[in-house]
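Notes for the one structure printed next.
The values are calculated or read from the model by the stated rules, or taken from the named source; none is laboratory data. Please read all numbers here as calculations on a predicted model, not as lab measurements. In this analysis, Cβ positions are derived from the backbone assuming ideal geometry, glycine residues included, and neighbour counts consider all displayed protein chains.
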Amino acid sequence: VEYGIILLSMKKYEESIKAFKEALILRKIEAEEAEDSTSEQDARLKMAKIRHNIGCVNFEIGRFDEAKRKYEEAIEDQRAIFGSWTAPFMLLTDTSKPGYLTMASTMCNKGYIDVEQENYVEAISTFTESLKIQKVLLEANNKLILSTMENIAYCHCKNGDFKEAGKLYKELVKLQSETYGDQSQRGWSQSIKKLILCQIKEYEFEDAFDNLRVLEDYLSSKGHKMRHAASDLKRTHKLMGEVNYQIFKFPTISDYSSRFSCGMCGDDREIVDASAWFPKKPANGSKMSGHRMTYA
């Protein structure tokens, strides 16, 4: 297995796949000859990790269908060993074993393929299952958790479900605000912009305005470290004016209702344009290969 990973790091992809397949055969023999169920499960878990790695190599060279198939095979093996990730299961199982986190990582990798192929509904389902495992095993502000939440929120945005996306970005803003360091602060500033976009899309103008003020304060005091701080601050001020206009023009639900009942009145809420802050596709790949894919 280690040899296969070395070959992958050298970009010898076909040789890497060959090495992993040879390791898979050896692990299969080990599982068949196991003297007890524990040894057999251990061998089968190693087989799942190897399938996982073959999926990673295929991801690297753009064979997304083959990569996805290998991830699904690995996940099927892992589920056969660990069972269903339900509340009773979590209470009765030693989740400290590294295999559980490997299963969560495999699910994320499969989700990355879904995102690449624009299968957003399937990606949401896969990432959400992985996130449940991660939240049991990891600290709340762990990078894998934040990345998975970011991917789920992005998929909701691509599906036009800004309400669900907003819930995730709100949680991300909270988690990132509790973490110190320039990188975390930059992540926070990106998340709050996406949250504002979702709130504007949902016509939650009061909440959007409150967050625009928070963002304005950050950009004015600490934003000098950011590359696009000046343009972001300018856009923030423009949005504050547009959002504030909507709040004072129709401050209550009854006022909105009156507008719709008026034949001469149009709904101009769409003119508040925060599309520049629509989330970009998350960068998913590893230090070894340039992708934050997780290797077993």
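Listed values, structure above:
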| read-out | value |
| --- | --- |
| Condition met for Met264 (surrounded by 14 or more Cβ atoms within 10 Å (Cβ to Cβ) and at pLDDT below 95) | no |
| Failed condition for Lys28, given (1) surrounded by 14 or more Cβ atoms within 10 Å (Cβ to Cβ); (2) closer than 28 Å to Gln117 by Cβ; (3) more than 25 Å from the chain's Cα centre (by Cα) | (2) |
| Unique match (being among the small types (Gly, Ala, Ser) and over 21 Å from Met47 (Cβ atoms)) among Ala140, Ala104 | Ala140 |
